1. Mind checking the full-extension length gain between F94 and L129? Use 0.36 nm per residue of separation minus the Cα-Cα distance, one decimal, nm.
2. For the stretch 69-130, what % of the accessible area comes from carbon and sulfur atoms, probe 1.4 Å?
3. Residues of the stretch 75-130: accessible area per residue at 1.4 Å, in Å²?
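The values are calculated or read from the model by the stated rules, or taken from the named source; none is laboratory data. These numbers were taken from a predicted model, which means no experiment stands behind them. Please note that ligands, DNA and RNA were not included when accessible areas were found on the heavy atoms of the full protein model with its side chains. Shrake-Rupley method; radii C 1.70, N 1.55, O 1.52, S 1.80 Å.
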Amino acid sequence: MAGTESGRGTVGGRGRGHGRGRVIVGVSGSLASLAALRVAAQEARASRRVLVAVIAWEPPEGEKLYLRHPDREWARHWQAEAQARLDRAFDEVFGGAPPGVDSERHVIRARPATALGELATRPDDLLVLG
(Lines give C-alpha, C1' and ligand atoms only; values in the text may rest on other atoms or scores of the structure.)
Protein backbone atom coordinates (compact mmCIF):
# COMPACT_ATOMS: atom_id res chain seq x y z
CA MET A 1 0.00 0.00 0.00
CA ALA A 2 1.25 3.47 -0.78
CA GLY A 3 2.49 5.75 1.95
CA THR A 4 2.02 5.53 5.67
CA GLU A 5 -0.92 3.85 7.32
CA SER A 6 -2.04 4.39 10.87
CA GLY A 7 -5.02 2.47 12.19
CA ARG A 8 -7.01 3.44 15.24
CA GLY A 9 -7.85 -0.18 15.97
CA THR A 10 -11.20 -1.85 16.14
CA VAL A 11 -13.95 -0.18 18.09
CA GLY A 12 -17.26 -1.72 19.05
CA GLY A 13 -18.22 -5.40 19.25
CA ARG A 14 -15.57 -8.05 18.72
CA GLY A 15 -15.65 -10.63 15.99
CA ARG A 16 -18.61 -9.40 13.95
CA GLY A 17 -17.93 -8.97 10.27
CA HIS A 18 -14.38 -10.32 10.33
CA GLY A 19 -13.67 -12.50 7.33
CA ARG A 20 -16.49 -10.80 5.40
CA GLY A 21 -16.23 -7.80 3.17
CA ARG A 22 -15.70 -4.36 4.57
CA VAL A 23 -17.41 -1.05 4.02
CA ILE A 24 -14.64 1.36 3.07
CA VAL A 25 -15.27 5.09 3.04
CA GLY A 26 -13.07 7.98 2.06
CA VAL A 27 -13.18 10.86 4.53
CA SER A 28 -11.83 14.36 3.94
CA GLY A 29 -13.87 16.39 6.40
CA SER A 30 -16.12 17.86 3.68
CA LEU A 31 -19.89 17.77 4.19
CA ALA A 32 -20.18 15.15 1.43
CA SER A 33 -17.60 12.93 3.12
CA LEU A 34 -19.39 13.27 6.47
CA ALA A 35 -22.61 12.14 4.80
CA ALA A 36 -20.72 9.24 3.18
CA LEU A 37 -19.31 8.26 6.59
CA ARG A 38 -22.82 8.19 8.05
CA VAL A 39 -24.17 6.07 5.16
CA ALA A 40 -21.15 3.74 5.29
CA ALA A 41 -21.70 3.14 9.02
CA GLN A 42 -25.38 2.35 8.41
CA GLU A 43 -24.43 -0.11 5.68
CA ALA A 44 -21.71 -1.70 7.83
CA ARG A 45 -24.17 -2.09 10.71
CA ALA A 46 -26.89 -3.58 8.48
CA SER A 47 -24.52 -6.01 6.73
CA ARG A 48 -22.46 -6.78 9.84
CA ARG A 49 -19.27 -5.67 8.09
CA VAL A 50 -16.36 -3.69 9.47
CA LEU A 51 -16.42 0.03 8.71
CA VAL A 52 -13.03 1.18 7.40
CA ALA A 53 -12.69 4.96 7.26
CA VAL A 54 -9.74 6.28 5.26
CA ILE A 55 -8.21 9.72 5.00
CA ALA A 56 -5.51 10.12 2.39
CA TRP A 57 -3.00 12.91 2.46
CA GLU A 58 0.03 14.23 0.64
CA PRO A 59 2.40 17.04 1.55
CA PRO A 60 0.72 20.35 0.62
CA GLU A 61 3.46 21.11 -1.90
CA GLY A 62 3.14 17.64 -3.44
CA GLU A 63 5.35 14.57 -3.27
CA LYS A 64 7.76 15.67 -6.02
CA LEU A 65 8.69 18.90 -4.27
CA TYR A 66 8.77 17.17 -0.88
CA LEU A 67 11.27 14.63 -2.24
CA ARG A 68 13.58 17.47 -3.23
CA HIS A 69 13.62 18.78 0.35
CA PRO A 70 12.37 16.00 2.63
CA ASP A 71 11.53 16.99 6.17
CA ARG A 72 10.29 14.14 8.36
CA GLU A 73 9.04 16.51 11.06
CA TRP A 74 6.96 18.38 8.49
CA ALA A 75 5.57 15.06 7.19
CA ARG A 76 4.69 13.98 10.76
CA HIS A 77 2.89 17.30 11.20
CA TRP A 78 0.71 16.74 8.12
CA GLN A 79 0.05 13.11 9.09
CA ALA A 80 -1.11 14.30 12.54
CA GLU A 81 -3.32 16.94 10.87
CA ALA A 82 -4.93 14.25 8.72
CA GLN A 83 -5.48 12.02 11.78
CA ALA A 84 -7.08 14.93 13.64
CA ARG A 85 -9.38 15.64 10.66
CA LEU A 86 -10.46 11.98 10.58
CA ASP A 87 -11.08 11.97 14.34
CA ARG A 88 -13.11 15.22 14.04
CA ALA A 89 -15.23 13.60 11.34
CA PHE A 90 -16.09 10.73 13.69
CA ASP A 91 -16.85 13.20 16.47
CA GLU A 92 -19.08 15.31 14.23
CA VAL A 93 -21.02 12.37 12.78
CA PHE A 94 -21.19 9.99 15.77
CA GLY A 95 -19.90 11.87 18.80
CA GLY A 96 -16.96 9.40 18.86
CA ALA A 97 -17.11 5.79 17.74
CA PRO A 98 -20.09 4.72 15.63
CA PRO A 99 -22.54 2.74 17.77
CA GLY A 100 -23.11 -0.92 16.99
CA VAL A 101 -20.40 -1.34 14.37
CA ASP A 102 -16.76 -2.39 14.35
CA SER A 103 -14.66 0.38 12.86
CA GLU A 104 -11.12 1.10 11.82
CA ARG A 105 -9.52 4.45 11.02
CA HIS A 106 -6.65 4.63 8.54
CA VAL A 107 -4.44 7.58 7.65
CA ILE A 108 -2.65 6.85 4.37
CA ARG A 109 -0.04 8.95 2.63
CA ALA A 110 -1.21 8.75 -0.98
CA ARG A 111 -3.68 10.30 -3.35
CA PRO A 112 -7.26 9.43 -2.33
CA ALA A 113 -8.02 7.34 -5.43
CA THR A 114 -4.80 5.36 -4.96
CA ALA A 115 -5.37 4.78 -1.25
CA LEU A 116 -8.97 3.67 -1.65
CA GLY A 117 -8.28 1.55 -4.72
CA GLU A 118 -5.45 -0.31 -3.04
CA LEU A 119 -7.48 -0.89 0.12
CA ALA A 120 -10.77 -2.05 -1.44
CA THR A 121 -9.50 -5.34 -2.86
CA ARG A 122 -11.66 -8.04 -1.31
CA PRO A 123 -14.52 -9.39 -3.44
CA ASP A 124 -17.14 -8.40 -0.85
CA ASP A 125 -15.75 -4.92 -0.09
CA LEU A 126 -18.11 -2.01 -0.60
CA LEU A 127 -16.60 1.40 -1.36
CA VAL A 128 -18.64 4.46 -0.33
CA LEU A 129 -17.72 7.87 -1.74
CA GLY A 130 -19.18 11.27 -0.88
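1. This chain segment gains 10.8 nm when fully extended.
2. 52 percent
3. Details: 2840 Å² over 56 residues.
It amounts to 51 Å² per residue over the stretch 75-130.
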